[in-house]
Structures are given as structure tokens and as C-alpha cells.
Amino acid sequence: MENIGLGLMLMVVGMITVFAILLIVIYLSQLLIAIVNKVAPEEVVVKKSTATSSAPAVIDPNTMAAIKGAVNIVTGGKGKVMKVEKI
Amino acid sequence: MEDIFVKLYEMTAFSNIIANPSFLVMYAIAFVLLYLGIKKHYEPLLLIPIAFGVLLANFPGGEMGVIQADSNGMVMVNGVAKNIWEMSLPEIAHDLGIMNFLYYMLIKTGFLPPVIFMGVGALTDFGPMLRNLRLSIFGAAAQLGIFTVLLVAILMGFTPQEAASLGIIGGADGPTAIFTTIKLAPHLLGPIAIAAYSYMALVPVIIPLVVKLLCTKKELMINMKEQEKLYPSKTEIKNLRVLKIVFPIAVTTVVAIFVPTAVSLVGMLMFGNLIKEIGSDTSRLFDAASNSIMNAATIFLGLCVGATMTSEAFLNWTTIGIVIGGFLAFALSIASGILMVKISNLFSKKKINPLVGATGLSAVPMASRVANEIATKYDPKNHVLNYCMSSNISGVIGSAVAAGVLISFLQ
């Protein structure tokens, strides 16, 4: 009976602690987000120039051979490389 | 001549195996685990070393089985009772064999689980959690299975320490389960580790089963991205890189203040994550933590845990209770996460897919992947992976905190 009381107490204390800690982590993270947004400069996203992305990419023959080899192995010789594009 | 044959027979393991056929049951268990690990790919990185450890421990005369000290630290060495904590490591190696040396040095001291947590931290990305902070609370709800099974196990006659070690299986976190069991009920380490890792491997079976029982098709079709568009989040992260560096430091500090017993797990998890997020300056540390150290720790942990499963320690009703209780803990953890999402949906306009709750138990990232598969089965465009990762990662912190509470109250 004493152990059941201990089990119930652990259940209540344990769940409250887990919820409390995760709530603290959530609010702490929100606070950190606010501070970092204010203090640290924004990440600079480097945009690729449209000229290079629109131009067809030149694939090195060795790379092309490796890609073809990999496709051959994976598809058991049935697959064919039609086009290789940089995304 | 006959004498020589008798001596030869006694020298081999045959005499002991015939005298005590329970060894054969242990070999069968080891072979099944090896099959599951090698052929079925169920958590092979851990099940294979554990299974091999079981095999090694059960060859009579091999002295590879771990001898558990009683609560006072007493072990029988060649018929003489000795206190294991007063024996030097070379003495342990000499008198009890190399596996006991490894076990008492690496496992019983609680050294390896935090080291593995460091590796787990180095392999974890807290980005999805930081982007969906609201969802991380479901990582707390999913810990209910731990405490419910603790209560059920006490009712079944387990001591509170054994019940806590059994319940922690519901956290779905192998190192946490092992760490808690070492501290509270080391004699149950073998079956608890096996149950924890087996059920973690069975996440792709258990989650769909519980989800099918508790969720409707309509609920599973809740599209998180559409909900996000309808009710956009007010929090905008302008510099995720800096935030990811500050986060592990802040969380360690907070957890250390509130639940100091959880620091060895959460602290190491966050340290591993910090050296990952810093980037090139600590890339060598990150590489060591996530590869060589993690792999070495996994090998020794697996072998030593397997070696605790000697026939006399494993073949009893307690093990069966642990297997059943572990499943119950797992299923209840998933169910409580789902139910909390359902309750939250009653009061909120922004609906959440209950799969986010189902992944509140740890088992990162397998639980999230399984949840994503279920969601895309109902709607191929409904990818919930990122949202599930939020509760999944917070579940790791949640189960470590739960372990900390249990250790501080019961040790």
C-alpha cells in the first residue's frame, strides 16, 4: 500500500516536472528567439545569379561516367541518363 | 584412459550444458536476436552486439557472464564473498573475467549511456523543434506511459526501483532506460535493455497499431502546412544558426538547475549538439563524438548488456513481466501523446494532426518517419515529418527529465 502511494506520488510529481521543464524550455526558446532576432544580425542568403542558373551546366566527363555507372547498377542496366541538371 | 576422457568431457562446455539445459534456451534467444538484427535489420547496431554478448555469457567456463553484485555490493568470488567496490579493476579482471571488468568499469559506473547521449546530441538537429515550439509540449504528454506502467508494476509486486526501471522503457530511449536501470535495478539490466531496444525496433509496428485504434481518417488527414497557412505562427526566426548554438547552452543550464540528476544525460546530449552546431571550429570534436566514440561506446554497451543475460538472471517470471510491461509502457506513451493532441484540438482553431502526439516518445527519427508514412498514406501531399520531429526531439528531453525524477526519488 505504501508503495502504491509512492507510485502515485511519482506519477504526479514526474508528469508535473516533465511538463514544467518542457514549458520552461519552450518559453526560454521563445525568449532566445526574441533576443537573437534583436542582437544577432540576420543570416545573409546569397542568391545565385540568374545568368549562371539559366545557363546549361557543364558536367565533367568523369562525373558523367560515374553517374551513368551508378544508374546502371541501381536499375540493373535498364535505366538511361537523359539529362543531368544542377538544382 | 577413461580418466582422460572424463577430464576431457569436463573440460569442454558439454558437461555443464547437459547438466543445465537452460543454457540452450539462452542460445536460442541469442540466435533469434541475431536473426532479427542481421536479417530483419531491427536496430542492428545494438541488437547484434547484445545478442553476441548473450551468446558469450552463456558458455559455461568461459567466464564471460556478468555477475551482479547484491544491494550491498557483495559478489561470490571462488566461494568467497567479496565487496565489488573494494576490489581493484585488475582484481575484477583476474577473478571475474574480462566482461565483468568492462561491465563494472563502463556500465555500472554509468559512464557509457551519457557518452552515447553525447553522440545522439551530435546527430540531432533541434531546428524542427525550434521552428515548431508549440508542438514540443506533446513530448511531455508521451511520458505518461512511463509513470502509468510504474504504478501497474508496483501493483504487480515489483519494488518501486524495479517498477521505475520497467516504466522507463516507455520513454523509448535506450540509453535513458539503461542509465535508469543501472542506478535503480541493475539486476534487471539485461531484460530491460532487450525490451527497450526490441520495442524501439518495433516502432513501425506499434505506432500504426495504436494510431489505428485511436485516430479517425479525418484526424489523420489534418494537413499541418494548410493549418500553418490559415493560422501563421507569430514567431519568426531571423538567425537560426546563432539560435541553435545558444539553445543547448541555455537548456543545459535550466535543466541543471531544476533536475540536477538529469544533467548527465541532458547535459551530454546538449554538449554533443553544441559541438555540431558550432561548425568548423569544433568539427573534429563533432566527428569524434558522432563516429569513433559513439561507435566504440555502442559496441561495449551492447556486449556488456548482453553479457548480463545469463540463464539464471534471465529465465524467470520477472523477465516475462518486463516484456509485457515494456510493451504496455510503449503503447501508453504513444496513446497519451495522441490523446493530448485530441484534447488540444478541442480548444484550438489551429488543428494538429494526432500523429504529432504519437511521436512524443523518443525513438528519433524512426517514430517521425513512421508517422509521416501513415500521414502520406491518407494524403500523399500531407508531409508531417518536420512537425513530428518537434515532439519527437522534445520527447528525448522529456524522457531524460522523467529518468532524473525517478532516480532522485528512488536511488
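Got a sec? Which of B:Ala195, B:Ala201, B:Ala172, B:Ala163 is crowded, with 17+ Cβ neighbours inside 10 Å and at pLDDT 90 or above?
Being crowded, with 17+ Cβ neighbours inside 10 Å and at pLDDT 90 or above holds for just one of B:Ala195, B:Ala201, B:Ala172, B:Ala163, which is B:Ala163.
Kindly indicate whether B:Thr176 is closer than 19 Å to B:Val115 by Cα, assigned to a helix (DSSP H, G or I) and in the same structural domain as B:Phe330 (by TED's automatic domain parsing).
The answer is yes for B:Thr176.
Determine, yes or no, whether B:Met129 is among the hydrophobic types (A, V, I, L, M, F, W, C), within 14 Å of another protein chain (Cβ to nearest Cβ) and crowded, with 23+ Cβ neighbours inside 10 Å.
Taking the combined requirement at face value, the residue satisfies it.
Residue check: is B:Ile257 under 25 Å from the mean Cα position of the chain (by Cα) and surrounded by fewer than 16 Cβ atoms within 10 Å (Cβ to Cβ)?
So B:Ile257 fits the description; yes.
Going through segment B:74-95 one residue at a time, which ones are among the aromatic types (Phe, Trp, Tyr) and over 31 Å from the mean Cα position of the chain (by Cα)?
Result: no residue meets the conditions.
In segment A:1-40, which residues are more than 7 Å from every other protein chain (Cβ to nearest Cβ) and not in a helix (DSSP H, G or I)?
Correct list: A:Met1 only.
Only residues that are farther than 15 Å from A:Val18 by Cβ and of a type in the set (A, V, I, L, M, F, W, C): list them for segment B:256-280, please.
The answer is B:Ala256, B:Ile257, B:Val263, B:Met268, B:Leu269, B:Met270, B:Phe271, B:Leu274, B:Ile275, B:Ile278.
Filter segment B:231-257 down to residues that are free of Cβ contacts under 8 Å to residues at least 40 places away in the same chain, at the interface with another protein chain (Cβ under 7 Å from one of its Cβ atoms) and assigned to a helix (DSSP H, G or I), then give me how many there are.
5
So which residues in segment B:57-85 are surrounded by 19 or more Cβ atoms within 10 Å (Cβ to Cβ) and aliphatic (A, V, I, L, M)?
B:Ala57, B:Met64, B:Val66, B:Ile67, B:Ala69, B:Val75, B:Ile84
From B:Glu219, B:Glu228, which residue is charged (D, E, K, R), closer than 22 Å to B:Leu355 by Cβ and crowded, with 18+ Cβ neighbours inside 10 Å?
So the residue among B:Glu219, B:Glu228 that is charged (D, E, K, R), closer than 22 Å to B:Leu355 by Cβ and crowded, with 18+ Cβ neighbours inside 10 Å is B:Glu219.
Just give me the residues in segment B:87-103 being part of a helix (DSSP H, G or I) and in contact (Cβ under 8 Å) with a residue 12 or more places away in the chain, in sequence order.
Within segment B:87-103, B:Leu89, B:Ile92, B:Asp95, B:Leu96, B:Ile98, B:Met99, B:Asn100, B:Phe101, B:Leu102, B:Tyr103 meet the criteria.
Taking the condition assigned to a helix (DSSP H, G or I) and modelled with pLDDT of 90 or more, does B:Met64 pass?
Taking the combined requirement at face value, the residue does not satisfy it.
Determine which single condition B:Leu361 fails, assuming it passes every other condition in (1) within 21 Å of B:Lys342 (Cβ to Cβ); (2) in contact with a Leu (Cβ under 8 Å, 6 or more places away or on another chain).
Of everything listed in (1) within 21 Å of B:Lys342 (Cβ to Cβ); (2) in contact with a Leu (Cβ under 8 Å, 6 or more places away or on another chain), B:Leu361 misses just condition (2).
What number goes with the only condition from (1) assigned to a loop (DSSP other than H, G, I, E, B); (2) among the charged types (D, E, K, R); (3) touching a helix residue (DSSP H, G or I) at 6+ places or on another chain (Cβ under 8 Å) that B:Lys381 does not pass?
With (1) assigned to a loop (DSSP other than H, G, I, E, B); (2) among the charged types (D, E, K, R); (3) touching a helix residue (DSSP H, G or I) at 6+ places or on another chain (Cβ under 8 Å) applied to B:Lys381, the lone miss is (3).
With the checklist (1) out of contact with any strand residue (DSSP E or B) (no Cβ under 7 Å at 6 or more places or on another chain); (2) of a type in the set (S, T, N, Q); (3) outside the structural domain of B:Phe330 (by TED's automatic domain parsing) in hand, flag the one item B:Thr124 doesn't pass.
Only one criterion is unmet by B:Thr124, namely (3).
Answer yes or no as to whether B:Gly171 is under 18 Å from the mean Cα position of the chain (by Cα) and among the small types (Gly, Ala, Ser).
Taking the combined requirement at face value, the residue satisfies it.
The values are calculated or read from the model by the stated rules, or taken from the named source; none is laboratory data. Quantities reported herein were computed from a predicted structural model and do not represent experimental measurements. Cβ atoms come from the backbone with ideal geometry, glycine included; neighbour counts cover every protein chain shown.
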